[in-house]
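The values are calculated or read from the model by the stated rules, or taken from the named source; none is laboratory data. This one's a predicted model, so the numbers in the text were calculated from it and none came from an experiment. Don't worry about glycine lacking a Cβ; one is built from the backbone with ideal geometry, like all the others, and counts go over all protein chains shown. Please note that ligands, DNA and RNA were not included when accessible areas were found on the heavy atoms of the full protein model with its side chains. Shrake-Rupley method; radii C 1.70, N 1.55, O 1.52, S 1.80 Å.
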Amino acid sequence: MSLTQRLTLLYSILLGGILLMFGAGVFLLVNTVLLSQVDDRLAMTAEEFIRLSGATSLKEVRFGEIPASMDNDISVQVWGLNEELQDGYGPLGRGDMALDPVNTKTDQPRFREVSHNDGLLRVLSVPLMYGGGQRVAVMQVALPLDSIESARTYLLYVMFVVWLYGVFIVGFALYLTLGQALRPLKSIVETAEQINRADDLSRRIPLQGFEEGEISSLIQTFNKTLERLEVLFTSQQRFLADVSHELRTPLTVIKGNVDLMRRMKQLDAESLSSIDQEAGRLTRLVGGLLMLAQAESGNLPLNFHKVELDLLVTEVFQEMHIISGGKVRVHLNEIDQLQVNGDRDRLKQVLINLTANAIQYTPQGGDVFLSVAKVGDQARIICRDTGPGIPSEDLPHIFERFYRAEKSRTRGKSTGFGLGLSITKWIVEHHNGHIEVDSKEGQGTTFAIWLPLIKP
């Protein structure tokens with residue numbers, strides 16, 4: 001059963017239940033009003049007959065002269081306390097059977113519906129008091145309920161027809177309306193099936209005139225999900241291609257050197273050095289992948305302590321000055337004494353990664369600048385170089401996993417794997433900070449790290 005059919009059935013059942021409760025209320029109200037009118041008439045008739053009646057010396061109640069205008073459908077009986085009929089009037093008043101056998105000795109007025117000879121009567125039983133309030137008999141006044149029974153039957157028939165047609169018409173209208181409203185869901189399912197069959201994540205679901213409402217929000221959310229999946233799938237494909245190449249190159253070099261030494265039947269120092277360098281590249285690649293996997297799964301430990309940023313930046317400056325080997329000039333500009341709450345080793349890893357990238361991509365004789373300063377209630381760490389800069393089309397993607405700005409797959413031995421900046425961004429953000437980048441081609445690149453200071 002489809003969603004449209006289930007919703008139509010559910011709403012039809014709810015509507016049917018509501019109509020049934022409404023019909024029951026209407027029926028009870030109409031029945032109460034009709035019986036109230038009959039009861040009023042019975043009460044007036046009883047008062048009239050009590051006024052016309054009198055007690056004999058034997059304490060028997062007899063009717064006096066009854067007006068000719070009295071209704072012919074009225075039946076009246078007077079029953080003594082010995083359950084003997086003392087007087088009667090009307091079509092059923094002279095019968096041997098009491099109009100209401102249950103209340104022939106009642107001590108207070110009672111209304112009751114009684115079945116009598118395949119008919120239904122409304123009977124009022126009233127005790128008669130004479131001589132100082134002594135009860136001497138019970139008068140029963142009855143009216144047939146044939147007209148009320150007909151009204152009840154007709155009312156039930158009308159309500160059943162209205163209920164049946166109402167449920168059918170509303171259910172049919174709901175089916176058409178829901179089918180039209182849920183039509184985009186069918187389009188979503190069809191598009192998802194086409195994407196699944198064709199493995200084409202570039203497809204999107206058209207709004208088809210549903211620019212507003214919940215359906216539009218659902219379509220837009222689904223399209224955004226497809227877009228993210230497409231980006232992730234593309235990144236994964238690029239990552240697999242890059243990693244395949246990075247693995248293949250050192251393994252090929254290692255295998256070639258091993259084959260060379262096997263043919264030479266002796267160890268070669270140059271071949272061993274090449275094998276050692278390529279093994280180091282593989283170790284760095286595996287280490288970067290492991291760290292990124294730990295970060296994404298939340299298993300990368302961060303040991304937060306008070307960190308003095310001025311000492312940390314000075315330490316990184318001294319190490320990078322030695323590593324640069326005179327290729328570029330590393331400068332330490334502005335430095336303030338600041339403290340943050342963080343993992344010192346991870347923050348040092350961030351600074352080394354940014355500075356090492358700056359040294360690597362800055363041409364011979366260029367400059368790299370480091371500084372740390374207080375800006376408001378935050379610490380700002382700057383790493384700026386005078387390198388070639390980052391192309392504008394690559395700038396929005398440099399923090400993405402496995403992304404590298406170089407388009408060529410032929411890279412030097414010191415080239416990274418596109419993991420460093422992604423790990424850097426993760427570490428900074430998990431220190432409640434953020435990282436910014438500004439770059440212009442031919443003028444260099446500036447990275448700014450913002451971290452919250454320890455409040456005094």
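Counting only strands (runs of 3 or more DSSP E) that sit completely within region 53-169, those holding 2 or more residues that are at pLDDT 85 or above correspond to 75-80, 85-89, 110-116, 119-130, 134-144. Per the conditions (1) without any contact (Cβ under 8 Å) to a residue 40 or more places away in the chain; (2) exposed (fewer than 14 other Cβ atoms within 10 Å of the Cβ), the sole criterion not satisfied by Thr355 is (2). In region 170-180, the qualifying residues are those that are open to solvent by 90 Å² or more (accessible area, probe 1.4 Å) and either at pLDDT 90 or above or of a type in the set (A, V, I, L, M, F, W, C) (or both), and the one that is farthest from Gly25 (Cα to Cα) is Leu176.
For the residues Gly444, Gly418, the requirement of being surrounded by 18 or more Cβ atoms within 10 Å (Cβ to Cβ), of a type outside the set (A, V, I, L, M) and modelled with pLDDT of 85 or more singles out Gly444. Residues that are among the aliphatic types (A, V, I, L, M) and touching a helix residue (DSSP H, G or I) at 6+ places or on another chain (Cβ under 9 Å): does region 76-93 have at least one? Among the residues of region 76-93, at least one is among the aliphatic types (A, V, I, L, M) and touching a helix residue (DSSP H, G or I) at 6+ places or on another chain (Cβ under 9 Å), which makes the answer yes. State whether one or more residues within region 91-100 are over 23 Å from Gln37 (Cα atoms), in contact with a Gly (Cβ under 8 Å, 6 or more places away or on another chain) and either among the hydroxyl-bearing types (Ser, Thr, Tyr) or open to solvent by 20 Å² or more (accessible area, probe 1.4 Å) (or both). Yes: region 91-100 contains one or more residues that are over 23 Å from Gln37 (Cα atoms), in contact with a Gly (Cβ under 8 Å, 6 or more places away or on another chain) and either among the hydroxyl-bearing types (Ser, Thr, Tyr) or open to solvent by 20 Å² or more (accessible area, probe 1.4 Å) (or both).
Residues in region 278-303 that are open to solvent by 30 Å² or more (accessible area, probe 1.4 Å), in contact (Cβ under 8 Å) with a residue 12 or more places away in the chain and over 20 Å from Asn353 (Cβ atoms): Ala279 only. Among residues of region 19-36 that are closer than 11 Å to Trp163 by Cβ, those with a beta-carbon under 9 Å from a residue that is open to solvent by 100 Å² or more (accessible area, probe 1.4 Å) and assigned to a helix (DSSP H, G or I) at least six positions away or on a different chain give the pairs Gly23/Phe160. Of all residues in region 331-346, those satisfying the criterion of being open to solvent by 10 Å² or more (accessible area, probe 1.4 Å) and hydrophobic (A, V, I, L, M, F, W, C) are Leu332, Ile335, Leu338.
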